[in-house]
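Engineer: Please see the structure below; I have some questions.
The values are calculated or read from the model by the stated rules, or taken from the named source; none is laboratory data. Because the structure is predicted, anything quoted here is derived from the model rather than measured. Because the Cβ atoms are built from the backbone with ideal geometry, glycine has one as well, and the counts that use them run over all protein chains shown.
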Amino acid sequence: MQRIKALNPDTATGDVKNLFDAVTAKLGMVPNMMRTMGNSPAVLNGYLSLSGALSEGTIGGKLGEQIALLVAELNKCEYCLSAHTFIGTKLLGLDSDVAQSSRTGKTPDVKINSALAFAKTLVEKRGIISDSDLAAVRSAGYSDGEIGEIVAHVALNIFTNYFNNTAKTVIDFPKIELYDRMAA
């Protein structure tokens with residue numbers, strides 16, 4: 001059962017209504033995560049602002065989704081795993097096998113794997129990385145700006161994972177099982 005209520009976009013008012021209207025204009029609906037974030041306009045606006053800024057970044061939407069899939073798997077967030085599988089494959093054209101392999105950081109692309117390995121290291125070490133961790137992603141061809149974007153994608157996805165795991169947000173995308181739940 002969801003632990004933080006999801007607001008109804010039809011009855012929202014003020015800043016929340018304006019934010020929900022902007023989401024609806026872009027997506028055609030307001031996903032449950034954003035409906036739940038709407039309890040605090042500051043939280044929803046912060047999420048939308050960082051997400052929007054990163055969509056204009058240089059690493060691209062597909063890599064951003066691959067990072068989201070890996071981080072969701074690491075943080076055991078089924079809502080985010082389901083949402084980003086849908087967004088990546090249906091909206092951004094990410095190959096379903098690549099989406100699946102991104103969850104473990106082992107894709108067919110060596111450069112992408114370096115970015116995913118760095119993202120995994122960031123999560124596992126809580127951002128306290130070594131010089132060699134940074135050198136590895138740099139040697140794969142990522143610029144300082146791109147490395148910053150990888151860090152920002154990890155941070156954004158940790159935020160949404162923690163938010164949805166706390167709220168137990170009802171999944172409103174085709175449900176994807178976490179690997180550890182599939183093995184159980």
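Engineer: With the requirement that a residue be closer than 14 Å to Lys168 by Cα and aliphatic (A, V, I, L, M), what does the range 18-49 give you?
Structural biologist: Once the filter is applied, which keeps residues that are closer than 14 Å to Lys168 by Cα and aliphatic (A, V, I, L, M), the range 18-49 yields Met33, Met34, Met37.
Engineer: Restricting the range 55-78 to residues that are crowded, with 17+ Cβ neighbours inside 10 Å and more than 16 Å from Thr89 (Cβ to Cβ), which is nearest to the chain's Cα centre (by Cα)?
Structural biologist: Val71
Engineer: Here's a follow-up. Would you mind telling me which numbered condition in (1) more than 18 Å from Ile171 (Cα to Cα); (2) crowded, with 19+ Cβ neighbours inside 10 Å; (3) not assigned by TED's automatic domain parsing to the domain that holds Glu146 Asp15 fails?
Structural biologist: Of (1) more than 18 Å from Ile171 (Cα to Cα); (2) crowded, with 19+ Cβ neighbours inside 10 Å; (3) not assigned by TED's automatic domain parsing to the domain that holds Glu146, only one is false for Asp15: (2).
Engineer: Further question: Which condition from (1) surrounded by fewer than 18 Cβ atoms within 10 Å (Cβ to Cβ); (2) not in a helix (DSSP H, G or I) is the one that Ile171 breaks?
Structural biologist: Unmet condition: (1).
Engineer: Farther than 22 Å from Met34 by Cα, of a type in the set (A, V, I, L, M, F, W, C) and over 16 Å from the mean Cα position of the chain (by Cα): does that describe Ala140?
Structural biologist: Criteria met by Ala140.
Engineer: Here is a further query. Scan (1) buried (at least 17 other Cβ atoms within 10 Å of the Cβ); (2) assigned to a helix (DSSP H, G or I) for the single condition Leu94 breaks and write down its number.
Structural biologist: Every listed condition holds for Leu94 apart from (2).
Engineer: Can we say Val137 is within 12 Å of Leu74 (Cβ to Cβ), surrounded by 21 or more Cβ atoms within 10 Å (Cβ to Cβ) and either among the aliphatic types (A, V, I, L, M) or free of Cβ contacts under 8 Å to residues at least 40 places away in the same chain (or both)?
Structural biologist: no
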